[in-house]
Amino acid sequence: MEKVAIVGLGLMGGSLGLALKARGCCKVVAGYARREATRAEALRLKAVDAVFADPAEAVRGADLIVLCAPVFSLPALAAACRPGLRAGALVTDVGSTKAWLTEQIRLSLRGSNAVFVGSHPIAGSEQQGLAAALADLYQDAVTIVTSDGGESQAAVEKIGAFWRSVGSVVRVMNPAEHDRVMARTSHLPHVAAALVAATVGRTNGTEQIGAFCGPGFRDVTRVAEGSPEVWLDILQSNRPALAEELRALQDRLAEVLVELEHGNEAGLRQFLEDGRAARRALLAARSNHARGEV
């Protein structure tokens, strides 16, 4: 691949640039960032070979364009790229929701002869910005490439090959199915972490309460540090699927509350054992996916 353009140089975009440069996946990595300080930092870190203040200039002549920004900003960003897109260019993204986004980006690119195939690398950090970028962020991460028949199989395969080139394990999924799965495995845990943090810190006396927040609190609430701007877009663009998962959580919480209020030791023990077993099974399945065994 001759040229890859990364439109948005935060954690995800910056990490992608570092990975591409470290692995020699393409000859030129171009970037776009709105802020001058970010552009200068991207060059200093060698995350890009060239950086631009105009998205259209960043993508000019690129074989592949990767949109790396909060979900609701991506369609407008795709539209801003249009004047610089060459015919047949591939466009993808790193957004955490896909059904709404796929439809909107295709509308933004209509008439450009560019082809959009959605991507979602299941990677990241509660840290934010280019300063948190890591060259190995995508190594062994599962990246979902979405396909609904609105793109050629060849385009899907090329996007999959691109993510494999930076170390990802690729899975192909329908956009709507992707959103249902992510609502359960990613969006629900984020809301739960934010709920725990807000509930523990709900009253005055944070200074005193905080002194007793140990590893359990830190582990459970770590992802609540994620960017509210990024996560607001995710939650709003996946409302129906996330609402269904929150209702399931509400039902389980109600069951546990009944067991607790009734002092049902057997019921509480079963709840704890079920939770431990489910976590072990889910993480074992994730490990198998990362090794390509399923």
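With N denoting the number of residues in the stretch 177-290, provide Rg(C-alpha) divided by 2.2 N^0.38 Å, to two decimal places.
On the way: Rg = 16.1 Å, N = 114, 2.2 N^0.38 = 13.3 Å.
Normalised Rg, Cα atoms only: 1.21.
Just the Cα atoms of the chain: what Rg and Dmax do they give in Å?
20.9, 67
Please report the Cα spread of the stretch 118-185 along all three principal axes, rounded to whole Å, starting with the longest.
Answer, in whole Å and largest first: 37, 28, 18 Å.
Along the Cα→Cβ direction, 7 angstrom out, place labels at V181 and R164. What is the inter-label distance in nm?
Between V181 and R164, the label points sit 1.7 nm apart.
Under a crude label model (7 Å from the Cα following the beta-carbon direction), how far is R247 from D54 in nanometres?
Each label point lies 7 Å from its Cα, and together they span 5.0 nm.
Please give the FRET efficiency for F217 paired with R110, using the beta carbon to beta carbon distance and R0 = 45 Å, rounded to the nearest 0.05. List each step's numbers first, then the result.
On the way: r = 48 Å, r/R0 = 1.07.
In this case the efficiency is close to 0.40.
Within the P(r) computed for the stretch 25-157, what percentage of the Cα pairs occupies the region above 19 Å?
51 percent
If I model a spin label as a point 7 Å beyond the Cα along the Cα-Cβ vector, how far apart are those points for H262 and S287 in nm?
In this crude label model, H262 to S287 measures out at 3.6 nm.
How much length is gained on full extension from Q139 to R202, taking 0.36 nm per residue of separation minus their Cα-Cα distance?
Value of the extension gain: 18.9 nm.
Hey, what's the per residue convex hull volume over the C-alpha atoms of the stretch 106-156, in cubic angstrom? All intermediate terms of the calculation are to be shown ahead of the outcome.
Details: hull volume 7.0 nm³, N = 51.
Enclosed volume per residue, from the Cα hull, is 137 Å³.
Quick check: residue separation of V172 and E273 times 0.36 nm, minus the Cα distance between them. What number comes out in nm?
Length gained, V172 through E273: 33.0 nm.
Principal axes first, then extents: for the Cα atoms of the stretch 195-245, list largest minus smallest coordinate on each axis, whole Å, largest first.
Projected onto the principal axes, the Cα atoms of the stretch 195-245 cover 38, 22, 22 Å.
Here, each number is a calculation from the coordinates, and none is a lab measurement. Computed from a prediction, not measured in an experiment: that's the story for all the values here. As a convention, Cβ positions derive from the backbone with ideal geometry for all residues, glycine included, and neighbour counts pool all protein chains shown.
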